[in-house]
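Novice: Provided herewith is a single structure, encoded as structure tokens, for subsequent inquiry.
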């Protein structure tokens with residue numbers, strides 16, 4: 001299933017589509033504060049043009065863009081690193097499926113499996129990958145757990161003042 005899944009680096013021309021996704025209720029519920037095109041572009045452009053070390057990608061299925069995913073080293077964001085305290089060599093990952101009809105079908109889990117294997121752990125110094133989800137986002141929590149992530153702790157995310165789970169996937173030493 002999802003054999004035609006791939007990832008493409010995000011470019012500025014993708015911003016109108018990503019903005020459209022941010023306005024959809026199933027995305028907006030968890031990705032707050034991206035109501036305007038200016039806020040969406042302000043969030044994504046620094047990574048696209050290299051001013052921030054985050055790597056942003058579009059999730060593609062059969063050549064059609066269907067979602068967004070990003071990765072970054074936790075150590076590149078000191079305030080975040082101080083909050084979650086996961087140690088050196090750890091990357092973060094965030095994503096959403098933009099097309100509602102593709103949610104609830106296992107796509108998120110497969111995206112996480114492939115993205116961590118093909119992109120995140122392609123960097124030899126990356127020893128683990130973490131993410132956080134709102135504790136009420138059952139679908140996201142389930143997708144991460146099915147992809148092999150395990151829950152570490154709960155914390156209040158200062159960006160939304162809501163309780164989040166921190167989940168972690170360690171590099172598989174067998175596949176190195």
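Novice: Counting DSSP beta bridges with both partners in the chain, what percentage is antiparallel, nearest 5?
Specialist: 90
Novice: How much length is gained on full extension from residue 152 to residue 51, taking 0.36 nm per residue of separation minus their Cα-Cα distance?
Specialist: 33.3 nm
Novice: To continue, here is another question. What order do you get for 127, 54 when you list them from fewest to most C-beta neighbours inside 10 Å?
Specialist: Placing the least packed residue first, the sequence is 127, 54.
Novice: Here's a follow-up. Which value in deg cm²/dmol, rounded to the nearest 500, describes the helix-derived mean residue ellipticity at 222 nm for the chain, given -39,500 (n - 2.57) per DSSP H run of n ≥ 4 and division by the residue count?
Specialist: -8000 deg cm²/dmol
Novice: Just grab the label-to-label distance for residue 101 and residue 24, each label 7 Å out from Cα along the Cβ direction, in nm (one decimal).
Specialist: Spacing of the two 7 Å Cα→Cβ label points: 1.0 nm.
Novice: Based on the Cβ-Cβ distance from residue 11 to residue 136, what FRET efficiency comes out when R0 is 41 Å, to the nearest 0.05?
Specialist: For residue 11 and residue 136, the calculated efficiency is 0.80.
Novice: How high is the relative contact order of the chain, in percent, with contacts defined as C-alpha pairs under 8 Å that are six or more residues apart?
Specialist: Result for the chain is 17 percent.
Novice: Rank by packing, highest mean first: peptides 97-104, 135-142, 45-52, with packing defined as the count of other Cβ atoms within 10 Å averaged across residues.
Specialist: The densest-packed peptide leads the list: 97-104, 135-142, 45-52.
Novice: Another one. May I ask for the distance between the Cα centers of the stretch 47-67 and the stretch 83-161, given as a whole number of Å?
Specialist: First find each Cα centre; the distance between them is then 16 Å.
Novice: Test of understanding: what is the full-extension gain from residue 85 to residue 125, defined as 0.36 nm times their sequence separation minus their Cα-Cα distance?
Specialist: The residue 85-residue 125 span can extend by a further 12.7 nm.
Novice: So if R0 is 22 Å, what FRET efficiency would residue 172 and residue 145 give, r being the distance between their Cβ atoms, rounded to the nearest 0.05?
Specialist: According to the calculation, E is roughly 0.85.
Bear in mind these aren't lab numbers, they're just calculated from the coordinates by the rules spelled out. The model shown is predicted, which means the values in this text are computed figures rather than measured ones. Here the Cβ is made from the backbone with ideal geometry for all residues, glycine too, and neighbour counts use every protein chain on show.
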